[in-house]
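Since the structure comes first, as structure tokens, the remarks are kept for the end.
Each value in this text was obtained by applying a stated rule to the coordinates, not by laboratory testing. All figures in this text were calculated on a predicted structure; none of them were measured in a lab. Don't worry about glycine lacking a Cβ; one is built from the backbone with ideal geometry, like all the others, and counts go over all protein chains shown.
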Amino acid sequence: MADETLSNLLQENRRFEPPAALAAAANVTAEACERATADREGFWAEAAERLDWGQRWDQVLDWSNPPFAKWFTGATINASVNCVDRHVEAGRGDKVALHWVGEPADDARDLTYAQLKDEVCRAANALTELGVRKGDRVAIYMPMIPETVVAMLACARLGAPHTVVFGGFSADALASRVVDCEAKVVITADGGYRRGNPSALKPAVDEACAKVASQGREVEKVLVVRRTGQDVEWDDSRDVWWHDAVGGASADHTPELHDSEHPLYVMYTSGTTGKPKGILHTTGGYLVGTSWTHWAVFDLKPETDVYWCTADVGWVTGHSYMVYGPLANGATQVMYEGTPDSPHKGRWWEIIEKYGVTIFYTAPTAIRTFMKQGDDIPAKFDLSSIRLLGSVGESINPEAYMWYREHIGASSAPIVDTWWQTETGQILISPLPGVTAGKPGSAMTPLPGIAADVVDDEARSVPNGSGGYLVLKEPWPAMLRTIWGDDQRFKDTYWSRWEGLYFAGDGAKKDDDGDIWLLGRVDDVMNVSGHRLSTTEIESALVSHPKVAEAAVVGAADETTGQAVCAFVILRDSAGDGGSDIVEELRKHVAHEIGAIAKPRQIMIVPELPKTRSGKIMRRLLKDVAENREVGDVTTLADSTVMDLIKQRESSAAAKEE
Ligand code: ATP
Ligand code: MG
């Protein structure tokens, strides 16, 4: 038992078959999966036919120099043409591309595909005027407003790779990304609305430009959208208003077709496990991978669906499943600027009701927050338009899945739990809603055309019922091409553990049917008396207790067991303070749900958990607390005061114990 790769603790027997009506009309059937297995490259070539190309490709995949893949070699394509022009040319110019919703009440704007095309063309002309040329990098530091999408597509049109930096990040984070990818122009706004107030962006850009200059580089131009109207400092030689430059530009722009492998963007990872990496995505394969998966996994019917992905554009989900995938597919979608609880806790549900959202894609962290607040909030809104739900970012705990299904999906909408990474660019493991049954907590099966497996230390495929490392055995179209400027780090980080295998850093298991369950980062695996325990299953056991909303588990050094399980728990609002025996009650609950070996040594009830901007729990910081260390790098935390709150709780709990 002690030589196991990763324990398999949690048993989950609930299962939901695809709704019959959805299955009957589904975009993808079981037959597609068989075809893909028989001829992977042929399958992706067929998916590529859904896009508009200039020159056709000579080769679907060139894998002659692994791990450096080339997809659709020799072909030419323009991403922005595929996302806007071709829909207008096909007579769909009046179709709404974006239902944009600002955070302040009644601040909303619809953009049709024709309007979006004009804006993208104007912005492309304006950027050219500002000196942006093919191959130049452009940093985008913006709130969630339509201009952000326009800016990205204008860069793509010119072949100037963008790097979008989340608007909540500091001047330091912006500066380090600008320096790393040598961006010469920054596109920003005076500010955006968050939590009911205008929050400034331009001052951080000014500060970042100074930092960049101090490192001997220069940001040549800063293009500024006026969003909030707040006062801004102005550098006449550098700063340009968007409404002047873009507003005054022509809406005619003849796009150049770029090589399929031309860089599209650099995106920095969330930094959950360490220093963010600049992930490079290129054009043709990326667009094939994102548009096909968006159509297949969400069963998108562009004529009738209203799609909403709540991700910020500052992380990869916003790139693949708000910008490139959906727009390439001609979808109508919602884009929302603000926070879910502004001006009231039902804001998201109100938006779904208003626009008749049919497909909704969000993160488990948000779902657990809604669980914490109570069922009565979504119950006040008409969510009957919803026909499909998606989840991304972390494993969805079975109880969170059940809550999502019942309270948002009327106990009928299928849930697609989509596993992927900044590096993978596209969804790789997910149920197909018309083919695959849903099991609460499982990402189920690799998509057609994807060769994923769970292996042991010797890279042997593990049998059903066992855990191990999640790997990819064959290239896929939207895969990262390298880490920007650092091919060696690319090889070392992803390809060095086993010859020829991409190792994603995640642990996973196969259940008795061979379906895949993600178990968290292998870096977070705990070794308790020789048993290798993953974080996810213990967290899910805690979340299955009716008083618990969220949980994070880490391993802390322990004299007798090597490591011991330490849990940090947020209670549901309805549970009050949980009662005097709450800690013992939860320890027993875990032992009962998954076994005594997983029983936490210590449980701390906390008001919040440290999360990245994309909502992932930063377990490494909790481990610092559990092991009484100085807390490490907090620069990618959404709210840096959270760690102080947790430390205060800990010291008052320690005082009580004494
Ligand atoms: P860094 O690599 O800098 O530490 P990160 O890995 O948090 O940052 P992302 O690329 O945003 O940055 O996150 C990808 C990771 O998110 C995956 O490796 C996986 O751990 C987790 N993840 C995403 N979707 C799922 C899912 N559906 N189920 C389980 N885990 C998921
Ligand atoms: Mg990662």
Estimated inter-spin distance, ARG217 and THR635, nm [label 7 Å along Cα→Cβ]:
1.3
Please enumerate, by chain and number, the lysines with C-alpha under 21 Å from the C-alpha of LYS95, excluding those fewer than 8 residues away in the same chain.
LYS117, LYS301, LYS354
Using only the Cα atoms of the stretch 393-488, build the gyration tensor, take square roots of its eigenvalues as a ≥ b ≥ c, and label the shape rounded, prolate or oblate: rounded if a/c is under 1.5, else prolate if a/b is larger than b/c, else oblate.
prolate
What does the highest-first list of 156-168, 248-260 look like by mean Cβ count within 10 Å?
156-168, 248-260
In the chain, taking the dipole from +1 charges on Lys and Arg beta carbons and -1 charges on Asp and Glu beta carbons about the Cα centre, the listed residue (SER544, LEU111, LEU428) farthest towards the positive end is LEU111
How would you rank 84-91, 361-368, 638-645, highest first, on the average number of other Cβ atoms within 10 Å across their residues?
361-368, 84-91, 638-645
Computed lengthening from SER496 to GLU12, 0.36 nm per intervening residue step minus Cα-Cα distance:
170.8 nm
What Kirkwood hydrodynamic radius do you get for the chain when you take the inverse of the mean 1/r over all pairs of distinct Cα atoms, in Å?
25.3
Computed lengthening from GLN488 to ALA379, 0.36 nm per intervening residue step minus Cα-Cα distance:
34.0 nm
Can you spot the aspartates and glutamates whose alpha carbon is less than 12 Å from LYS211's alpha carbon? Ignore those fewer than 8 places along the same chain.
ASP172
Hey, got the dipole for the stretch 79-256? About the Cα centre, +1 on K and R Cβ, -1 on D and E Cβ, debye to the nearest 20?
500
Isotropic mean projected area of the C-alpha convex hull, the stretch 168-322 (nm²):
12.4
Grab every C-alpha pair in the stretch 2-137, bin the distances at 10 angstrom width from 0 up to the longest one, and report whole percents.
9, 18, 25, 26, 15, 5, 0
How large is the dipole of the stretch 525-657 about the Cα centre if only Lys and Arg carry +1 and Asp and Glu carry -1, each at its Cβ, rounded to the nearest 20 debye?
280
Rounded to the nearest 500, what is the chain's calculated 222 nm mean residue ellipticity when only DSSP H runs of at least 4 contribute -39500 (n - 2.57) each, over all residues?
-8000 deg cm²/dmol
Tell me, how many Å apart are the Cα centres for the stretch 135-194 and for the stretch 538-608?
40
Here the Cα Rg-to-2.2 N^0.38 Å ratio for the stretch 79-256 is 1.01
For Cα pairs less than 8 Å apart in space and 6+ apart in sequence, what is the mean separation divided by the residue count of the stretch 34-149, i.e. the relative contact order in percent?
15
Distance in nm between SER64 and ALA20 label points, each 7 Å along Cα→Cβ, equals 5.4
Using only the Cα atoms of the stretch 175-226, build the gyration tensor, take square roots of its eigenvalues as a ≥ b ≥ c, and label the shape rounded, prolate or oblate: rounded if a/c is under 1.5, else prolate if a/b is larger than b/c, else oblate.
prolate
How many nm is it between the label spots at LYS647 and THR29, if each spot is 7 Å from the Cα in line with the beta carbon?
6.1
Name the shape class, rounded, prolate or oblate, that the alpha-carbon gyration tensor gives for the stretch 525-657, where a ≥ b ≥ c are the square roots of its eigenvalues, rounded holds for a/c under 1.5, and otherwise prolate holds if a/b is larger than b/c and oblate otherwise.
rounded
Qualifying lysines (Cα of each under 18 Å from Cα of LYS473; at least 8 residues distant if same chain)
LYS70, LYS491, LYS509, LYS510
Net lengthening on full extension, ALA591/SER412 (0.36 nm per residue, minus Cα-Cα)
61.2 nm
Could you tell me the relative contact order of the chain? Use alpha-carbon pairs under 8 Å, at least six residues apart, and round to a whole percent.
14
Members of LYS202/LYS611; LYS134/LYS184; LYS372/LYS611; LYS547/LYS588 lying beyond 21 Å, as alpha-carbon distances in this model show
LYS202/LYS611
Nearest-0.05 FRET efficiency for ASP523 and ASP581, computed from C-beta distance (R0 35 Å):
0.55
What is the packing order of peptides 446-459, 191-204, 534-547, taking the mean over residues of other C-beta atoms within 10 Å and listing the highest first?
534-547, 446-459, 191-204
